[in-house]
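Worksheet for the structure shown next.
Here, each number is a calculation from the coordinates, and none is a lab measurement. Keep in mind it's a predicted model, so treat the numbers as computed, not measured. Cβ atoms come from the backbone with ideal geometry, glycine included; neighbour counts cover every protein chain shown.
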Amino acid sequence: LAKTTQPISMDSYEGQEVNITCSHNNIATNDYITWYQQFPSQGPRFIIQGYKTKVTNEVASLFIPADRKSSTLSLPRVSLSDTAVYYCLVGDGQAGNNRKLIWGLGTSLAVNP
Amino acid sequence: EAQVTQNPRYLITVTGKKLTVTCSQNMNHEYMSWYRQDPGLGLRQIYYSMNVEVTDKGDVPEGYKVSRKEKRNFPLILESPSPNQTSLYFCASSLSPPQFYEQYFGPGTRLTVT
């Protein structure tokens with residue numbers, strides 16, 4: 001089974017760039033890497049998804065090296081409202097239609113004034 | 001508005017009293033899933049469904065049942081709840097692979113079993 005490993009927590013300050021790295025050593029060839037954001041007592045919210053190299057949207061960037069065994073979520077110029085838990089998500093690599101999604105334990109990001 | 005709804009949002013019950021948490025989505029998604037979230041443990045998948053009448057166990061299925069008789073609904077059933085099922089539950093839906101990585105989550109159901 002593919003598994004992910006993330007730092008448990010990170011601290012930052014407003015206006016800084018934050019990079020959160022996720023390790024997924026056993027990712028399957030056809031699996032995507034996805035990141036979610038979760039605020040307390042709310043359901044997770046999709047941030048970004050990628051397969052290889054770099055993906056950027058209005059919220060974040062996702063960097064994936066050629067071996068795809070890790071990925072880095074980059075949040076530019078964070079604000080207090082970016083304080084949340086960030087999850088890295090990959091598929092479990094099984095063939096066929098019934099596939100489970102493997103969630104990491106998440107990284108709790110605290111943005112300080 | 002595209003959304004996933006869950007009911008009830010809060011529930012306090014007693015051990016052994018059967019309960020059902022409903023989940024409904026209006027996006028015509030094939031894939032639906034139930035998660036529980038406990039402090040320090042992150043999100044753990046209970047059951048998932050790839051389509052109508054197709055369900056499979058997630059990581060923590062013990063003590064839960066699900067059904068998928070209609071595409072839009074995916075109820076979670078606790079036949080005999082126990083205190084260790086006290087948790088925050090989320091339902092989610094998405095399109096089929098490979099788009100199923102972008103999941104839409106409901107607002108959550110906080111369940112307390114005494």
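Would you point out which residue out of B:SER24, B:SER33 is in contact with a strand residue (DSSP E or B) (Cβ under 7 Å, 6 or more places away or on another chain), at the interface with chain A (Cβ under 9 Å from one of its Cβ atoms) and either farther than 20 Å from B:THR112 by Cα or touching a residue at least 40 places away in the same chain (Cβ under 8 Å) (or both)? Break it down stepwise before answering.
On the way: B:SER24 fails: at the interface with chain A (Cβ under 9 Å from one of its Cβ atoms).
Result: B:SER33 is the single residue among B:SER24, B:SER33 that is in contact with a strand residue (DSSP E or B) (Cβ under 7 Å, 6 or more places away or on another chain), at the interface with chain A (Cβ under 9 Å from one of its Cβ atoms) and either farther than 20 Å from B:THR112 by Cα or touching a residue at least 40 places away in the same chain (Cβ under 8 Å) (or both).
Suppose we keep only residues that are closer than 25 Å to A:ASN30 by Cβ and crowded, with 20+ Cβ neighbours inside 10 Å within the stretch B:88-100. Which one would you say is farthest from the chain's Cα centre (by Cα)? Spell out how you get there, then give the answer.
Let us first name the residues in the stretch B:88-100 that are closer than 25 Å to A:ASN30 by Cβ, namely B:92-100.
Retained after the next criterion (residues that are crowded, with 20+ Cβ neighbours inside 10 Å): B:92-94, B:100.
Working: B:ALA92: 7, B:SER93: 10, B:SER94: 13, B:PHE100: 16 Å.
The residue in question is B:PHE100.
Filter the stretch B:59-87 for residues that are within 13 Å of chain A (Cβ to nearest Cβ) and buried (at least 19 other Cβ atoms within 10 Å of the Cβ) and give the result. Give the steps one after another, and end with the answer.
At the first step, the residues of the stretch B:59-87 found to be within 13 Å of chain A (Cβ to nearest Cβ) are B:59-61, B:68, B:87.
Answer for the stretch B:59-87, where residues must be within 13 Å of chain A (Cβ to nearest Cβ) and buried (at least 19 other Cβ atoms within 10 Å of the Cβ): B:ARG68, B:SER87.
Filter the stretch B:27-51 for residues that are surrounded by fewer than 16 Cβ atoms within 10 Å (Cβ to Cβ) and not charged (D, E, K, R) and give the result.
Within the stretch B:27-51, B:MET27, B:ASN28, B:PRO39, B:GLY40, B:LEU41, B:ASN51 qualify.
Checking A:SER79 against (1) within 11 Å of chain B (Cβ to nearest Cβ); (2) surrounded by fewer than 20 Cβ atoms within 10 Å (Cβ to Cβ); (3) not acidic (Asp, Glu): exactly one of these is not met. Which one?
All conditions are met except number (1).
Which of the residues that make up the stretch A:1-60 are in contact (Cβ under 8 Å) with a residue 12 or more places away in the chain, in contact with a Ser or Thr (Cβ under 7 Å, 6 or more places away or on another chain) and among the charged types (D, E, K, R)?
The answer is A:GLU14, A:GLU17.
Determine which member of the set A:ILE27, A:ILE102, A:ILE20, A:ILE48 is in a loop (DSSP other than H, G, I, E, B) and aliphatic (A, V, I, L, M). Talk me through it step by step, then tell me what you get.
Details: A:ILE102 fails: in a loop (DSSP other than H, G, I, E, B); A:ILE20 fails: in a loop (DSSP other than H, G, I, E, B); A:ILE48 fails: in a loop (DSSP other than H, G, I, E, B).
Only one candidate qualifies: A:ILE27.
Give the number of residues within the stretch A:36-45 that are more than 10 Å from every other protein chain (Cβ to nearest Cβ) and assigned to a strand (DSSP E or B).
So the answer is 1.
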